[in-house]
Every structure is written in structure tokens, then in C-alpha cells.
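The values are calculated or read from the model by the stated rules, or taken from the named source; none is laboratory data. Since we're looking at a predicted model, the values are computed, not measured. Positions of Cβ are generated from backbone atoms using ideal geometry, with glycine treated the same way; all protein chains shown enter the neighbour counts. These area figures cover heavy atoms from the full protein model, side chains too; ligands, DNA and RNA do not enter into them. Shrake-Rupley method; radii C 1.70, N 1.55, O 1.52, S 1.80 Å.
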Amino acid sequence: MTIASFLNVCIDRLPSNESLLFPASHCASCNRRLAIKDLIPVFSYLWLRGRCRYCQAPIPRRILWVEISTGVLFGYLYWHYGLSIELAVAAFYCCLFITLMVIDLEHGLILNKIVYPAAAVALLISAFLPPSKVAHLSGEAASLVNTYLPQPGIVQAVIGGGTGLVLLLLIVLISRGGMGWGDVKMAALIGIVTGYLILVALLLAVIFGGIVAVILLTLKIKKRKEGIPFAPFLSLATIITLLYGSDILNWYLGLF
Ligand SMILES: [Zn+2]
């Protein structure tokens with residue numbers, strides 16, 4: 001739960017170049033320093049009815065949603081992975097992609113200062129824990145990879161990252177607008193995280209993005225010319241791929 005609060009601090013401060021550690025948590029409106037009792041995840045928000053204790057300014061509802069969804073997701077990850085090193089790595093990646101998702105939703109930005117260090121850390125992790133292990137690659141998908149593709153984790157990560165980079169670059173060049181360099185860099189990061197499952201992740205992201213775009217256009221919430229941020233779909237697709245990419249690939253291979 002403390003982690004969810006830290007994610008909210010990252011989301012608030014990274015886009016505006018504020019330090020993550022100083023000053024201590026404060027109200028964005030009256031700058032009053034918040035007490036421990038104001039910082040208990042979910043409960044403080046509900047108890048204060050979403051307003052600052054001192055100046056009554058509304059606290060962004062996102063604070064609550066990030067706390068709840070991070071909590072639920074962590075519970076689910078624990079159930080899925082059990083207590084293991086894979087759990088720790090998957091939890092780290094989920095935090096990373098939730099942060100990227102919310103910052104892109106709120107600011108339309110994919111920050112280099114998150115993507116570059118994250119890519120370096122993910123490469124380092126891949127050397128010790130191959131992407132195929134984090135995603136529990138199994139069944140026919142695993143035997144295909146074991147037969148035809150290089151095994152070392154760092155090689156999986158580099159091939160995945162390169163594939164993500166090239167594919168998104170092609171999409172950006174063909175679609176001209178809509179997506180940008182931030183999405184290309186993020187696809188490379190996702191490739192490092194998911195390895196060969198990058199293909200599943202990108203396909204899911206395009207499907208999710210397509211469905212939501214059609215809904216927004218049909219309901220006339222967005223006009224055709226307006227861009228829709230793509231990082232939220234990339235993030236969601238990555239988390240689902242880590243958990244179920246292997247199952248999705250096995251289902252697909254079973255069709256033939
Ligand atoms: Zn206040």
C-alpha cells in the first residue's frame with residue numbers, strides 16, 4: 001500500500017521535474033504538510049471525503065484509483081506467482097507501467113527519465129531472470145522457443161526490445177501522427193520486459209486501442225483528428241502479457 005502512495009508521488013512530481021523525496025507530501029493547493037493520518041491509503045481519502053483536511057481543496061480522484069488498483073493487482077500477482085523472485089520482478093514492472101499509463105493519460109507524455117532507466121534495469125534483470133521465466137512461458141510456445149530461438153535472457157530481451165522498436169517505428173511512419181517517439185521507446189522497453197512475447201503485447205495493445213477508439217468515435221467523445229494516448233493500452237497489454245501471454249500464444253498455436 002505504501003508502494004501505491006509512492007506511485008502517486010511519482011505521477012504527481014515526475015512530469016514537473018520535482019524531487020521525489022523532498023519536500024514531504026503536501027497538499028497541492030494550500031501546501032500544508034500532510035500528517036501520517038492523512039496518508040493512509042484509501043482510508044484517508046474516504047475519511048476526508050476526497051478533500052484536503054486544511055483547505056477543503058478536492059484531492060484528485062486518481063490518487064484513490066491508483067491506490068485501489070495497485071492493491072488489487074498486487075493481491076492478484078501474489079495469487080498468480082506465489083512468493084517468488086518472479087513475483088518481485090512482475091510487481092516492479094506493474095508499478096512501472098501503471099506510472100507510465102497514468103502520466104500519459106494526464107499529461108500526454110511518455111517521460112524519457114522513466115523509460116531509459118527502466119530499460120537499463122529491465123536489461124539487467126533479464127540477464128539473471130529471462131523474460132520467458134518472468135512470463136512463465138510453457139506448453140507449445142515454450143517448446144517452439146526452446147527449439148528455434150536463442151535462450152539467454154539478455155538475448156531474449158535485446159531481440160524483444162529490437163522487435164518492439166522496429167514494429168512501432170513502422171506503425172508511426174505508416175500512420176503519420178497519432179503515435180510518437182515516446183510510444184516507440186516504450187515499445188522497446190516492453191520488448192526488453194516481455195522478450196519474445198512482445199508480439200502478443202503489441203497485438204493486444206493495438207486491439208485494445210482499436211476497440212476504445214471505435215467506442216470514443218461512435219459516442220462522439222473524441223473527434224477523428226484528436227489523438228488518443230497509446231501508452232495506457234501498451235501498459236495494460238504488457239501486464240496482461242506477463243500474466244497470460246504464454247496462454248494466449250498457446251491458444252493461438254493450438255488453432256493450427
Ligand atoms: Zn490543502
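Annotation for Phe6 and Trp79: the two label points, set 7 Å from Cα along the Cα-Cβ direction, are 2.5 nm apart. State the percent of C-alpha pairs, over all pairs in the range 1-65, separated by a distance greater than 20 angstrom. Counting every Cα pair in the range 1-65, those more than 20 Å apart make up 18 percent. Size descriptors for the chain (Cα atoms only): Rg and Dmax, in that order, 19.5, 63 Å. Contact order, relative form, for the chain: 19 percent (alpha carbon pairs under 8 Å, 6 or more residues apart, mean separation divided by residue count). Rg/Rh for the range 157-240 stands at 0.99; both radii use Cα atoms, and Rh follows the Kirkwood definition. Per residue, the solvent-accessible area of the range 1-65 (1.4 Å probe, heavy atoms of protein chains only, all protein chains present) comes to 69 Å². Helical content of the chain, expressed as a calculated mean residue ellipticity at 222 nm, amounts to -22500 deg cm²/dmol (DSSP H runs of 4 or more residues, -39,500 (n - 2.57) each, divided by residue number, nearest 500). For the range 82-134, a/c is not less than 1.5, where a ≥ b ≥ c are the root eigenvalues of the C-alpha gyration tensor, and a/b does not top b/c. That puts it in the oblate class.
If you take the Cα centroid of the range 50-106 and the Cα centroid of the range 195-224, the two points sit 22 Å apart. Between His26 and Leu34, the built amide H atoms are under 5 Å apart, and every one of these is 5 or more places off in sequence or on another chain. Label-to-label distance for Ala120 and Ile68 is 3.7 nm, based on points extended 7 Å past Cα in the beta-carbon direction.
Roughly how many whole Å is it from the C-alpha centroid of the range 1-24 to that of the range 151-185? When both Cα centres are located, 28 Å separates them. Normalised per residue, the accessible area of the range 130-256 is 52 Å², obtained with a 1.4 Å probe and no contribution from ligands, DNA or RNA. Extension gain, Ala127 to Ala28: 0.36 nm times the residue separation minus the Cα-Cα distance gives 31.6 nm. Expressed as a whole percent, the accessible area of the chain that falls on carbon and sulfur atoms is 70 (1.4 Å probe).
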